[in-house]
Structures are given as structure tokens and as C-alpha cells.
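A short write-up of the structure that comes next.
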Amino acid sequence: LVRDYLSGVFMLLEDQYGVGDVITVGDATGTVENVTLRITRVRDVNGIVWHIRNGAIETVGNESQGWARAVLDFPVPFEADLAAIRQLLTRTGDGMWNEPVWRAVLLEAPEVWGAQTITKEEVTMRIVAKTAPLRQWEVEREMRARVKKALHDAGIMPAPAAEPTMAVRLTRDE
């Protein structure tokens, strides 16, 4: 009990996290709903409420402080021209950076970091963007949609072949 209170005091004095922050403590990641000297209450994305004794917290990650990073890994065919893909990813990131709506969320222009992994079938390319805290997920979703479209439009990632459809005739029983 004393350890919980002392930990709570230091946590508050050091401004490690507060209500509304998204934190990770052990297996729990979620939004801080309440902080007392003894307990921190966190609600995860599935709605589960975690009650964590402050004295049990040895390591805490806070996703709400300073800035965040959107990281997008996109597989491309092994045979693809990586220089052309790098240019395409750069244009896609610059397009987002130049839109006022996204400029308010992005802290820097997105960067293409390049090939991250290589297999005999594909190369995974990475593009990253520094964002306002807790905005990285929406940036990732938007960037993912734009990269997919750009790669498809460039013929690098063709749409999968359509599966044959079966005609179904519906009748109404009376």
C-alpha cells in the first residue's frame, strides 16, 4: 500500500501520464480514465477496464506526449523497380503534406525510409510520418489508402483477379 502511494506521488510529480493519455503498462494499452495515488484506471480499445496498482508499474509507455510516428510498411513485388516506387511514395507523402487538413496533423513531411525486408516474393517498403500525438492511426489509414491507389494506378500492384461469380436466381414463395 505504501509503495502504491509513493509510486503515485512520483508519477504525478514527474507528469508521466494523466487522464486522457494513451499508455501501455504490461499487457494493457488504453486511455487513462482515472489516476489516484494508489490506482491507475485504463480502458483498452475493446472496452476492458484495467485497474493497475501504481506500485506495480515499473515501465509505462505514453503515446500522448510530444509527438507520434505513423509507420506504413507496404509489400511490393520483388521484381518491381524500387527507385520508381520510392519516387511514387515520396509524391504520395508530399501530396498529403501539402493538404491543409493533413498539414494540421503532420508535424513534418512524410519520409520514405525504403526497403525494410526482402523475400523472394516481395520487398517491404516503408514510409513514415511524424504526427501530433494520437493522430498516427488516422494518418496511417489515409496514407495506406493513398499508397494502395498510387501503386495500383502505376500498374505496380494490379487488382487481384476477380473470382468467378455464380448467378443466383431468387424466387418468392407464396
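Over the range 1-80, consider all pairs of different Cα atoms and compute the Kirkwood hydrodynamic radius from their mean reciprocal separation; express it in Å, one decimal.
Numbers: mean 1/r = 0.0720 Å⁻¹.
Taking every pair of different Cα atoms in the range 1-80, averaging 1/r and inverting gives 13.9 Å.
For a quick check, take a GNM of the chain with Cα springs below 10 Å and name the residue from 81, 94, 73 with the largest mean-square fluctuation.
Its mean-square fluctuation being the largest, the pick is 81.
Of all trypsin sites (Lys or Arg not before Pro) in the range 79-151, which ones are in loop regions per DSSP and have a Cβ with at most 14 other Cβ atoms within 10 Å?
Listed in order of number, the matching sites are 120.
At each listed q (0.20 Å⁻¹), what is the log10 of I(q)/I(0) that the Debye formula gives for the chain modelled as equal alpha-carbon point scatterers?
Cα-only, vacuum Debye calculation for the chain: -1.17.
Can you list the GluC sites (Glu not before Pro) in the range 69-131 that are in a DSSP coil and have 15 or fewer other beta carbons within 10 angstrom?
Working: sites: 79, 108, 111, 121, 122; in loops: 79, 108, 121.
The qualifying sites are 79, 108, 121.
Write down the accessible area per residue of the range 17-79 in Å², having rolled a 1.4 Å probe over the full set of protein chains.
About 55 Å² of surface per residue is accessible.
Pop out the carbon and sulfur fraction of the accessible area of the chain as a percent, whole number, probe 1.4 Å.
Solvent-exposed carbon and sulfur of the chain make up 54 percent of the total.
Compute, for the chain, the length of the dipole vector about the Cα centre, with Cβ point charges of +1 (Lys, Arg) and -1 (Asp, Glu) only. Units Debye, rounded to 20. Don't skip to the answer; put the middle values down first.
Numbers: 20 positive and 25 negative charges, 31 e Å.
For this selection, approximately 140 debye.
Which value at 222 nm does the chain reach when only helices count, each DSSP H run of 4 or more adding -39,500 (n - 2.57), with the total divided by all residues and rounded to the nearest 500 deg cm²/dmol?
Numbers: 4 runs with 50 residues, N = 174.
Only helices count here, giving -9000 deg cm²/dmol.
What trypsin sites (Lys or Arg not before Pro) does the range 1-75 have in DSSP loop regions with at most 16 other beta carbons within 10 Å? Walk me through the numbers before you get to the answer.
On the way: sites: 3, 38, 41, 43, 53, 69; in loops: 38.
Filter output for the range 1-75: 38.
Charges on Cβ only, +1 for Lys and Arg, -1 for Asp and Glu, centred on the Cα centroid of the range 64-114; of 76, 100, 113, which one is farthest towards the dipole's positive end?
Result: 100, furthest along the dipole toward the positive end.
How far is helix 82-97 tilted off the main Cα axis of the chain, in degrees rounded to 10, range 0 to 90?
Orientation of helix 82-97: about 60 degrees from the principal axis.
If I fit a long axis through the Cα atoms of helix 136-153 and take the longest principal axis of the Cα atoms of the chain, what angle between them do I get, 0 to 90°, rounded to 10?
That works out to roughly 10 degrees.
The values are calculated or read from the model by the stated rules, or taken from the named source; none is laboratory data. Everything numeric in this text was worked out from a predicted model, so none of it was measured. Using ideal geometry, Cβ is built from the backbone for each residue, glycine included, and neighbour counts are taken over all protein chains shown. Side chains are part of the model used for accessible areas, which takes the heavy atoms of the whole protein and leaves out ligands, DNA and RNA. Shrake-Rupley method; radii C 1.70, N 1.55, O 1.52, S 1.80 Å.
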